[in-house]
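Following: one structure in structure tokens, then a few remarks.
The values are calculated or read from the model by the stated rules, or taken from the named source; none is laboratory data. Note that the structure is a prediction, hence the values are computed from the model and not measured. Positions of Cβ are backbone-derived with ideal geometry, glycine not excepted, and every protein chain shown enters the neighbour counts. Heavy atoms of the whole protein, side chains included, go into the accessibility calculation; ligands, DNA and RNA do not. Shrake-Rupley method; radii C 1.70, N 1.55, O 1.52, S 1.80 Å.
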Amino acid sequence: MKKMYHFVLAATIGAAAVLTTSCNGNNPNVPSQKEIETKIIGKWKRVAINGEEELTNHRQICTYETGGKAVYSESVFRGNHWVWSNHQEGSYTIDGNTLSAKIPNHEIVSKINSINDNTMDKYVLKSIDTETGSTSEVNTSQKLMKVSVDYSRDILGMWQGVEMVGDETYGDANTRIEYRVDGTYIYYKKDDAGIWHSDVNEMAEWNVDGDWLAFRWRHPGSEEENYEWWDIEYIRGDEMKWSALREKGDGSRFTTTFTWARIGEN
């Protein structure tokens, strides 16, 4: 393992007047409740905040089901601790163009300004702590894309790195990973003699939700938790490709891609 980047997703206060107008319900072009109830069913990944493409490390994905059930995944450092939500169940309601999504201990209230078969634009108003009743203003516009694939089964088995293009985060393509059905994985590195050895880690877990992939692990004897995130561009037979938009400490952004080949199945 090499270096680690820590990222914290913070809400941006303030919005354009056109969004405020829409949130106040004065915009006649907002979708109807019936339209939202129909179009929202499916899996959605957040891809932009306040008009800027969102970093892969901050993305979250949510599946809205009929009957008001929601299933979401995210992996972020929030407040003073890590949040690891692996297909966490929640609920949602729609009233007009207001979307209220409930997850453990929180309720997020948004206005949906537009929605079609592929994209959804919403304005997040506030976050309510359902344990304390306290409310935090968010005031952030978000863009989401419909995800029509789910690679959570296709990724199972043993994969070997073929090529990494772009800046590294934790290592290079000289890697093997075995994805297990129980949501754990084994990470392998090759020594100078060309022999592969498993890298023993605690809490070695993976989560694929649609085309979103997250890892977490902790080295034995350490209290530090490590996280890594990717977007799966495709899995085609025995070939897999990832990509990630990341940010350095100086604010500059970079994109890395990672190509893999399947070498066995568990």
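Work through the residues other than residue 135 whose Cβ is under 11 Å from its Cβ and net out their charges, Lys, Arg +1 and Asp, Glu -1.
-2
Among rounded, prolate and oblate, which fits the range 190-229 when a ≥ b ≥ c are the square roots of the eigenvalues of its C-alpha gyration tensor, a/c under 1.5 means rounded, and a/b larger than b/c means prolate?
Details: a/c = 3.17, a/b = 1.39, b/c = 2.28.
Because a/c hits 1.5 or more and a/b fails to exceed b/c, the range 190-229 counts as oblate.
Please compute the net charge surrounding residue 222, taking Lys and Arg as +1 and Asp and Glu as -1 over other residues with Cβ under 15 Å from its Cβ.
-3
Whenever you get a sec, compute what percent of the accessible area on the range 132-185 sits on carbon and sulfur atoms (1.4 Å probe).
44
Kindly provide the helix-only [θ] at 222 nm of the chain, computed as the sum of -39,500 (n - 2.57) over DSSP H runs of four or more divided by all residues, to the nearest 500 deg cm²/dmol? Mind showing how you got there, number by number?
On the way: 2 runs with 14 residues, N = 266.
Theoretical 222 nm ellipticity from helices: -1500 deg cm²/dmol.
For the range 41-114, what does the accessible surface come to per residue with a 1.4 Å probe? Please give it in Å².
Working: 3070 Å² over 74 residues.
The answer is 41 Å² per residue.
Order the following by accessible area, largest value first: 45, 34, 241, 102. Probe radius 1.4 Å; ligands, DNA and RNA are ignored.
Working: 45 15, 34 155, 241 55, 102 105 Å².
Final ranking, largest accessible area leading: 34, 102, 241, 45.
Below 8 Å between Cα atoms, with a sequence gap of 6+, how large is the relative contact order for the chain in percent?
Numbers: 605 pairs, mean separation 44.7, N = 266.
Here the relative contact order equals 17 percent.
Using DSSP to define loop residues, name the trypsin sites (Lys or Arg not before Pro) in the range 126-187 whose beta-carbon has at most 16 other beta-carbon atoms within 10 Å. Don't skip to the end; give the middle numbers.
Values: sites: 126, 143, 146, 153, 176, 180; in loops: 153, 180.
Here the trypsin sites (Lys or Arg not before Pro) that fit, given the DSSP loop and packing criteria, are 153, 180.
Please list the equivalent ellipsoid semi-axes of the chain, computed as the square roots of five times the alpha-carbon gyration tensor eigenvalues, in descending order and whole angstrom.
In descending order, the three semi-axes are 36, 19, 18 Å.
Which whole-number value in Å² is the accessible area per residue of the range 182-226, probe 1.4 Å? Please report the intermediate quantities before stating the final value.
Values: 2210 Å² over 45 residues.
For the range 182-226, the per-residue accessible area is 49 Å².
Could you give the alpha-carbon Rg of the range 203-258 over 2.2 N^0.38 Å, rounded to two decimals? If you can, show how the numbers build up before the last one.
Details: Rg = 13.6 Å, N = 56, 2.2 N^0.38 = 10.2 Å.
In units of the globular-protein estimate, the range 203-258 measures up at 1.34.
Lys and Arg at +1, Asp and Glu at -1: add these up for the other residues within a Cβ distance under 10 Å of residue 82 and post the number.
So the surrounding residues net to +1.
For residue 189, which lysines qualify as cross-link partners when the Cα separation must be under 18 Å and same-chain residues fewer than eight apart are set aside?
Those lysines meeting the cut-off are 2, 3.
What whole number of Å gives the distance from the Cα centroid of the range 95-159 to the Cα centroid of the range 177-240?
With the range 177-240 and the range 95-159 each reduced to a Cα centre, they are spaced 27 Å.
Using a cut-off of 23 Å between alpha-carbon atoms, which lysines can reach residue 122, once sequence neighbours fewer than 8 places away in the same chain are excluded?
Filter leaves 34, 39, 43, 45, 69, 102, 111, 143, 146.
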